[in-house]
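Structure, as structure tokens:
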Amino acid sequence: MTVPRFWREQPSRYNLIGSHCKTCGKYYYPIRNLCPECRRDGEMEQYKFKGTGKIVTYTITHTTSDEFSDLVPYALAIVELDEGAKLTTQIVDEPEKVATGKRVHSVFRKLGSDGDAGIIYYGTKFELDKE
Ligand SMILES: [Zn+2]
């Protein structure tokens, strides 16, 4: 899994915008123009997710590119949002606290930086709910 690539390719990560099919009621993330269930009968609208869900599975990442080296190790999880869509995201808590099934919510954090250009990337990550 190459981490930085999908972060950069998905501007919708900034505010968790996805798609909702008014025909079948399913939610998708990131944005899709066509519902894979309904095809031409689907009516898609943009939808802003609440940003709450639970951890389906996760891995602890120990290696990353240089620009992310201050972040390792960290937990990279597949989160199932309460609406049903799934996404891959970083969990900001200590990796040892992360567990399958735990509740999480979205937070806006620094993703990384481009040292040469002095650019800092921000976007959505997830944090464990307080127990
Ligand atoms: Zn549909």
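The values are calculated or read from the model by the stated rules, or taken from the named source; none is laboratory data. Predicted, not measured: the structure shown is a model, and the values here were computed from it. Don't worry about glycine lacking a Cβ; one is built from the backbone with ideal geometry, like all the others, and counts go over all protein chains shown. Remember, those area values only see protein heavy atoms, side chains included, never the ligands or the DNA or RNA. Shrake-Rupley method; radii C 1.70, N 1.55, O 1.52, S 1.80 Å.
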Quiz prompt | Solvent-free Debye scattering, log10 I(q)/I(0), computed from the Cα coordinates of the range 50-131 at q = 0.12, 0.19, 0.22, 0.26 Å⁻¹ | solution = -0.34, -0.80, -1.00, -1.26
Quiz item: Once Lys and Arg get +1 and Asp and Glu get -1 on their Cβ, which of 121, 76, 56 lies farthest toward the positive end of the dipole of the range 50-131?
Solution: 56
Quiz item: Got a sec to turn the phi values of the range 38-53 into Karplus ³J(HN,Hα) couplings, 6.51 cos²θ - 1.76 cosθ + 1.60 with θ = phi - 60°, whole Hz, x for Gly and Pro?
Solution: 9, 6, 5, 7, x, 10, 8, 9, 6, 9, 9, 5, 5, x, 10, x
Quiz item: Efficiency by 1/(1 + (r/R0)^6): what FRET value for residue 119 and residue 82, r their Cβ-Cβ distance, R0 = 41 Å, to the nearest 0.05?
Solution: 0.80
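Less than 15 Å Cβ to Cβ from residue 41, Lys/Arg counted +1 and Asp/Glu -1: what total charge do the surrounding residues give?
Details: positive: 22, 26, 32, 39, 40; negative: 37, 43, 45.
Around residue 41, the surrounding residues sum to +2.
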Quiz item: What does the charge add up to near residue 78, with Lys and Arg as +1, Asp and Glu as -1, over the other residues with Cβ less than 14 Å from its Cβ?
Solution: +3
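Which pairs in the list 22/50; 48/130; 22/110; 22/97 are over 28 Å apart, alpha-carbon to alpha-carbon?
Numbers: 22/50 18 Å; 48/130 23 Å; 22/110 34 Å; 22/97 37 Å.
Too far apart for the 28 Å limit: 22/110; 22/97.
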Practice problem: Mind ranking 31-38, 91-98 by how tightly packed they are, going by the mean number of other C-beta atoms within 10 angstrom, highest first? | Solution: 91-98, 31-38
Quiz item: Using a 1.4 Å probe, what is the accessible area per residue for the range 13-131, in Å²?
Solution: 58
